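Structure first, then comments.
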C-alpha cells in the first residue's frame, strides 16, 4: 500500500500534464497517477453491489481501475479537472471488465448493453402497465425489430450445458437401442 498522496490543484494538474506531453516526463505521469489512486478506490466502492458478486474480486477491479486511470491520464485534455474525466473512464473500463468476465461464454459488450436495455424497458413497462408487456409493446419501447428482440431474449436466457451431459445422454440412448 502506498502512502496517501496529497490532492493536486487544477494548476498543478495542468503543469504536470504539460511536462508529460511536451517533455515526455514520466515522473510527472507517475505523480498524476499516485495523486489519483484514491479515485480508483472510490469508483470501485461505488459500484452497484450486484456487480461485486461477479467472478472478479475487489483487487482485480482495483487493478482494472488502475490501468484505466493510466489510460485516462494519457488521453486527458486539461479543459476539465482530471478526476472528472478519469472517473468516467475508470467506471467504464471496470464495468466492462466485469461484463467480460461475468459470462462463461463471451457475449459482446454491445449485445450485453442491448440486453440490459431490453430488461430495463421490460421492467419499466411492467411497472407502468401492472402486467408483463406484450412482445409488440416491448418492440415499440426499445425501438428494435421483433426479430432483434427475440434474438436478445434468447441470448439472455441461454445457459451453457455440459458436453459430458450430452455425451452421457447419447451413451444412454445407444445402450437402450442395443437392449
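Structural remarks
- Mean silhouette area of the range 10-102, derived from the convex hull of its C-alpha atoms and averaged over all directions, reads 5.7 nm².
- For residue 34 and residue 106, the FRET efficiency from 1/(1 + (r/R0)^6), where r spans their Cβ atoms and R0 equals 41 Å, is about 0.75.
- Using the Cβ-Cβ distance between residue 5 and residue 79 with R0 set to 25 Å, the FRET efficiency from 1/(1 + (r/R0)^6) comes to roughly 0.60.
A short reminder: the numbers here are calculations on the coordinates, not readings from a lab. Here the structure is a predicted model, which is why all the values come from computation and not from measurement. Here the Cβ is made from the backbone with ideal geometry for all residues, glycine too, and neighbour counts use every protein chain on show.
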